Amino acid sequence: MSETTDNQPIAGNRRHRIDGHPARTAATAELVVGWDGRPPSTSAVEYAVDLAERITAHLHVVHIVDIDDLPIDPDSSDYETELRATLDEQARHARELLDGLDASWTYHAWHGSPADLLDTVADEYKALMVIIGSPRGGFMSFLDSIGGVSVSHRLISRHRHPLLLVPESRTSIRNPHTST
């Protein structure tokens, strides 16, 4: 595995990238999946891994650094160290989900609008589709929708890439009714 930080700014920050193991078989497609470490996006990654294996696709996992990743005190002397530790832990967790994948994968992490970053990676790699976890539902999801911050609504309204929404409880194509 190789780890790089692109010098090219994306959304005002540098993109952190980790390349997984080389593909055992040449990829026939590229898939992009959004991941924030929460259960719905973890289900989406697990589902995307299963799909990538079935169609021999290269999987791009896009971790959007958000408020939950940031240390509590921005004025702390060890703010950067705490942030790096949190991001390293997120990357380690993603690797656990991806290491068993027969196809190749890349992990991308940076800060910005989730819909913009998913579109950026999908455009860059000419992705077959973007895969995300289903909206959380409830009142907060409703507010996200009407406020224009719902990732799924923003991606759908752009009409740029096919979008697959994965329910939190569905992690496998093989057994659609239970998690595997």
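Taking amide H as placed 1.01 Å from N in the peptide plane, the amide H of V65 sits under 5 Å from that of W110, H111, G112, each at least 5 places away or on another chain.
Near H60, the amide H atoms lying under 5 Å from its own belong to L31, V32, V33, T106; only residues 5 or more places off or on other chains count, and H is placed 1.01 Å from N.
With a ≥ b ≥ c the root eigenvalues of the C-alpha gyration tensor of segment 88-134, is it rounded (a/c under 1.5), prolate (a/b larger than b/c) or oblate? Present the calculation step by step, with values, prior to reporting the outcome.
Working: a/c = 1.93, a/b = 1.31, b/c = 1.48.
Cα axes put segment 88-134 in the oblate bin.
Rounded to whole numbers, the Karplus 3J(HN,Hα) couplings from phi for segment 89-100 are 5, 4, 5, 4, 5, 4, 4, 4, 6, 9, 4, x Hz, using 6.51 cos²θ - 1.76 cosθ + 1.60 with θ = phi - 60°, and x at Gly and Pro. Between L83 and D123, the FRET efficiency from the beta-carbon distance, with R0 = 25 Å, is close to 0.35.
Every number here is computed from the coordinates shown, using simple stated rules; none is lab data. Please read all numbers here as calculations on a predicted model, not as lab measurements. Positions of Cβ are backbone-derived with ideal geometry, glycine not excepted, and every protein chain shown enters the neighbour counts.
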